[in-house]
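Below is one structure, written out as structure tokens; comments come after it.
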Amino acid sequence: MALKIQMFLFVVLAGVSIMFAVLTYNVTNNLLAFLFAILSMLFAIIAFSTKYYTYLYMPALKMRKGTIVLNSAEPFILSPSGTSVVVREEDGIYASSFVTIPLYRSGTEMSDAEKLDMAKLFSRVLTVTKNTVKIASQVYIVNKDDYIARIRQKLDESEAKLRSIPAEPGNEKARTRAEGEMTMWHNLLNNVSSSKSEAMVSYAMVSAFGTNDEEASAIAYQRAEEIASGISAILGISAYVAHGDEILDFVQPDRSVPAETVNELIRQKSMQEGL
């Protein structure tokens, strides 16, 4: 497919170059002849550059309604056992499992001696396996989307209730109660969404290669179990292998940055700045 596109681009651009070259010799105006000669040379250079730079033109050729599809293949899938993410490559299958490392103290809360002890313990953690392992910490925004959605629903219901009470004599108490309820939900929405709540999770990731999904996933899970046991024994914590949707917290950006929570933060900030 790429070769066909390359030949198509070369033929089209070379044809345009030849057309401008013919026009160069057929016009009597020297300025136009010079311009056509420059254009002919430019399209000839672009035509011959398609041999090496076809990939630069691919997005423009594949663009549909402003959307460019760089790769339609799924970046990964969850294994049937739910213990790893699986990536299919040409040379085989790669699976990665994640070990959640619950740490309950921050370095800012430790003395210098405690920090040194923790560093020594982590140096021992690196020896629990001979396989390549990634140990990292990730800060994420606490997902308050469902909570915010429920508050908005209550706010909409209270506003509808207030509108249903006619502004007539005798309804003052009912309208006052409805206005108070609406104000309560409105203030709660502002308080919940006006600031982001952040948390941090530490994890270890280990990968394995296999000829099929089950083999790669089983090897990766076995390695992750070995790492989890070693970390638990050294640090005195309960490290465990992540399962199911919990794995997505490490690999999907929208799990670390919940869309609705962030949109509400942006809206609140825009209102404060008067935008």
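The values are calculated or read from the model by the stated rules, or taken from the named source; none is laboratory data. Small disclaimer: the values here were computed from a predicted structure and weren't measured. With ideal geometry, Cβ positions are generated from the backbone for all residues, glycine too; neighbour counts draw on all protein chains shown.
Take Ile234 and decide whether it is aliphatic (A, V, I, L, M) and more than 30 Å from Lys134 (Cα to Cα). Answer is no for this residue.
Going residue by residue through segment 69-83, is there one that turns out to be farther than 30 Å from Ile247 by Cα and modelled with pLDDT under 75?
So the first thing to find is which residues in segment 69-83 are farther than 30 Å from Ile247 by Cα, and the list is none.
No - not one qualifying residue is present in segment 69-83.
In summary, helices (runs of 4 or more DSSP H) completely within segment 191-275 and bearing 3 or more residues that are at pLDDT below 85 and farther than 14 Å from Ile141 by Cα occur at 245-251, 259-272. Here Ile151 meets the list (1) more than 30 Å from Ala228 (Cβ to Cβ); (2) among the β-branched types (Val, Ile, Thr); (3) within 31 Å of the chain's Cα centre (by Cα); (4) exposed (fewer than 13 other Cβ atoms within 10 Å of the Cβ) almost entirely, failing just condition (4). Restricting attention to segment 149-172, the residues that are among the charged types (D, E, K, R) and in contact (Cβ under 8 Å) with a residue 24 or more places away in the chain total 2. Of the residues Glu198, Glu215, the single one that is among the acidic types (Asp, Glu) and surrounded by 13 or more Cβ atoms within 10 Å (Cβ to Cβ) is Glu215.
Examine segment 165-185 for a residue that is small (Gly, Ala, Ser) and part of a strand (DSSP E or B), and state whether such a residue exists. Scanning segment 165-185 turns up no residue that is small (Gly, Ala, Ser) and part of a strand (DSSP E or B).
Restricting attention to segment 131-148, and to residues there that are assigned to a helix (DSSP H, G or I) and in contact (Cβ under 8 Å) with a residue 12 or more places away in the chain, which single residue is surrounded by the fewest Cβ atoms within 10 Å (Cβ to Cβ)?
Per the criteria, the residue is Asp145.
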